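So the structure is just underneath, and the comments pick up after that.
Read the figures in this text as sums done on the coordinates, not as results from a lab. Everything numeric here is computed off the predicted structure, so don't read it as measured data. Methodologically, a virtual Cβ is constructed for each residue, glycine included, from the backbone with ideal geometry; neighbour enumeration extends over all protein chains shown.
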Amino acid sequence: MIGRALRPVLLSCILLSTTGAALAQDRPNPDKVARGAYLVGILGCGDCHTAGAMAGRPDTARLLGGSDVGWQVPGLGTFVGPNLTPDRDTGLGAWTDAEIVKALRTGVRPDGRQLAPVMPYMGYSRMTDTDAGAIIAYLRSLTPVSGTVPGPFGPSEKPTLPYFALTIPGK
């Protein structure tokens, strides 16, 4: 009799303990997120991926939500720093951790396209797994920002936003 009466309590305890463990795994490690925020800051990611940053007035409400200024590379076109927030439609929310690491280290997007050469992925090619994981934890902790950036624009297309033009000496 007592066994039957305790069954629902026991079942509830098991259910709550496993749910609690799953929820704890979903919560990012605060130290890892802080390390990621530090790395994103010193790497200057916000300079190219936050609207207003190039003018010295970053839009902190749209932090890493995509730039409003492009980079024109001779012979390649004009590129705009995209949304790095966890928005599933316009940011990195649908990318896996492995896809983000591959883009950071090799400059290759999940769809196989090469990132613009102004993205310093070659400098990140030897980034440790620990640092890459911290950056990902930080990016995933951000408030998702919905919004696409214009472009990329091919070499013969006229950009629809301000841009910096890189020049090659002697050309």
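Quick notes on this structure:
- Cα gyration tensor category, rounded, prolate or oblate, for region 57-171 with a/c compared to 1.5: oblate
- Sequence ranges 153-164, 94-105, ranked by mean other-Cβ count within 10 angstrom, highest first: 94-105, 153-164
- Full extension of the segment from residue 42 to residue 128, taken as 0.36 nm per residue of separation minus the current Cα-Cα distance, would add 29.4 nm.
- The overall shape of region 98-145 is oblate: from the C-alpha gyration tensor, with semi-axes ordered a ≥ b ≥ c, the ratio a/c is 1.5 or greater and a/b is no larger than b/c.
- Cα gyration tensor category, rounded, prolate or oblate, for region 30-95 with a/c compared to 1.5: prolate
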